[in-house]
Amino acid sequence: MADISDRKADHIALALQSGHQAQKDSGFDRVNFEPNSLPQLALDEIVLASNFLGMETAAPFLIGAMTGGCDNAERINQHLAEAAQAANIPMALGSQRAALELGMLQNIRRWAPSAILLGNLGATQLQQHGLDLAQRAVDSIQANGLVIHLNPLQELIQPNGDRDWNLVLEAIQHCALKLSVPIIVKEVGAGIGPGSAKRLLDAGVQWIEVAGRGGTSWASIELARNSSAREREIATPFIDWGMDTVKLIPAVQAACPTLRVIGSGGVRHGLDIARCIRLGAHMTALAQPFLAPALDSTDAVMGKISILQEQLRWAMFLTGSQNIAELRLAPLQ
Ligand SMILES: Cc1cc2nc3c(=O)[nH]c(=O)nc-3n(C[C@H](O)[C@H](O)[C@H](O)COP(=O)(O)O)c2cc1C
């Protein structure tokens with residue numbers, strides 16, 4: 001189990017380095033709104049409030065999954081959770097696998113008694129341990145939903161990663177049907193394509209987080225951790241594997257109009273949040289941009305949230321959108 005803690009510490013250190021962000025242009029800069037020079041509203045009339053899992057949030061973005069908090073990163077989760085509570089922004093935990101396997105108490109609710117909190121497990125843990133583990137993940141933090149991550153490329157590159165992905169969809173289907181809270185299925189940076197999204201929808205999943213290419217590159221991070229020359233040579237052509245977030249959101253919406261989509265993977269500021277919403281996302285998520293503030297303090301995370309909100313408000317003002325429903329219809333160039 002020390003392995004998992006060491007791996008998490010490596011992930012945090014490497015994710016902070018710009019070299020492990022997607023090297024190709026993410027495509028966000030090519031999604032341009034038509035400027036509205038006559039907004040006909042006041043900046044402070046703009047309403048960012050959104051609905052997520054049947055609850056109101058202050059804005060249409062959440063703190064993306066990073067750490068389950070079973071390692072030295074507990075204070076990261078404290079800062080994120082306190083800020084999520086104060087700002088009414090949902091927070092997704094990182095993988096709870098190690099905490100559950102170690103039987104560790106995950107008392108994150110003491111920092112975020114009423115925030116929307118999402119648990120997290122890998123799809124292969126679900127395939128191996130079933131609904132019981134999923135329900136424990138939810139109950140241990142009184143989660144409002146459970147995020148299940150799909151990361152087949154990361155598992156291939158990671159030393160001793162899970163390589164048997166048989167029956168994963170069946171395990172997800174079982175959870176979608178039986179778990180006490182809604183599930184959200186996500187990738188970690190290669191993106192859930194429209195074909196996979198359709199199979200998830202058919203299995204009863206109502207929310208996916210696309211986590212497309214454009215931001216944190218898990219292939220790059222795992223490659224940096226893998227010391228085997230042979231495995232590195234095999235993995236290198238796959239470094240840019242995946243589909244861009246800005247292409248995925250409309251493609252998934254077109255293939256699965258009833259699926260609720262969280263836009264993520266390379267969302268770096270409030271204008272990117274606006275772009276995702278305009279492309280069809282119901283919500284957005286940012287992970288890496290919260291990492292440095294989370295290592296610092298609750299106030300730093302609050303400061304980041306407030307900047308994202310103000311950037312989103314500016315994007316809405318400059319497109320003449322008074323609320324999120326109007327932003328969805330704002331003309332693009
Ligand atoms: C340090 C770090 C740890 C992460 N750990 C998890 C995890 O445990 N579970 C998960 O589903 N995603 C995890 N992710 C992936 C993110 O939730 C997100 O999908 C991905 O980083 C792409 O978003 P970004 O470009 O905003 O970072 C992690 C990301 C970072 C930066």
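The values are calculated or read from the model by the stated rules, or taken from the named source; none is laboratory data. This structure is a prediction, so every number in the text was calculated from the model and none was measured. All Cβ positions, even for glycine, are placed from backbone atoms using ideal geometry, and neighbour counts span all protein chains on display.
What's the number of the condition E231 fails, among (1) at pLDDT below 95; (2) surrounded by 20 or more Cβ atoms within 10 Å (Cβ to Cβ); (3) more than 12 Å from the ligand (Cβ to nearest atom)?
(2) is the only condition that E231 fails.
Would you mind finding the one in I89, I63 that is β-branched (V, I, T) and within 14 Å of the ligand (Cβ to nearest atom)?
That would be I63, the only listed residue that is β-branched (V, I, T) and within 14 Å of the ligand (Cβ to nearest atom).
Looking at segment 269-297, which of its residues are surrounded by fewer than 24 Cβ atoms within 10 Å (Cβ to Cβ), small (G, A, S) and closer than 13 Å to R328 by Cα?
G280, the sole residue that qualifies.
Please tell me if G242 is modelled with pLDDT of 95 or more and farther than 16 Å from L150 by Cα.
Spelling it out, it is not the case that G242 is modelled with pLDDT of 95 or more and farther than 16 Å from L150 by Cα.
Within segment 82-101, track down each residue that is in a helix (DSSP H, G or I) and among the hydrophobic types (A, V, I, L, M, F, W, C).
Scanning segment 82-101 gives A83, A84, A86, A87, A98, A99, L100.
Of these, L53, L16, which one is of a type outside the set (K, R) and within 14 Å of the ligand (Cβ to nearest atom)?
L16
Scan segment 128-180 for residues that are under 17 Å from A197 (Cα atoms), of a type in the set (S, T, N, Q) and buried (at least 19 other Cβ atoms within 10 Å of the Cβ) and report the count.
1
Considering only residues that are within 14 Å of R213 (Cα to Cα), within 10 Å of the ligand (Cβ to nearest atom) and part of a helix (DSSP H, G or I), which ones fall in segment 273-297?
Selection gives Q288 alone.
Would you check which residues across segment 181-226 are more than 10 Å from the ligand (Cβ to nearest atom), of a type in the set (D, E) and surrounded by 18 or more Cβ atoms within 10 Å (Cβ to Cβ) and list them?
Of everything in segment 181-226, just one residue is more than 10 Å from the ligand (Cβ to nearest atom), of a type in the set (D, E) and surrounded by 18 or more Cβ atoms within 10 Å (Cβ to Cβ), namely E222.
Kindly provide the set of residues from segment 234-260 that are more than 21 Å from Q23 (Cβ to Cβ), in contact (Cβ under 8 Å) with a residue 60 or more places away in the chain and surrounded by 14 or more Cβ atoms within 10 Å (Cβ to Cβ), ordered by number.
Those that are more than 21 Å from Q23 (Cβ to Cβ), in contact (Cβ under 8 Å) with a residue 60 or more places away in the chain and surrounded by 14 or more Cβ atoms within 10 Å (Cβ to Cβ): V252, A255, C256, L259.
Could you list, in sequence order, the residues of segment 18-41 that are farther than 12 Å from N323 by Cα and aliphatic (A, V, I, L, M)?
A22, V31, L38, listed by residue number.
Identify, from the list A190, A171, A203, A176, the residue that is closer than 29 Å to M55 by Cβ and touching a residue at least 40 places away in the same chain (Cβ under 8 Å).
Being closer than 29 Å to M55 by Cβ and touching a residue at least 40 places away in the same chain (Cβ under 8 Å) holds for just one of A190, A171, A203, A176, which is A171.
Could we say that I305 is at pLDDT 95 or above, in contact with an Asp or Glu (Cβ under 6 Å, 6 or more places away or on another chain) and within 16 Å of the ligand (Cβ to nearest atom) here?
no
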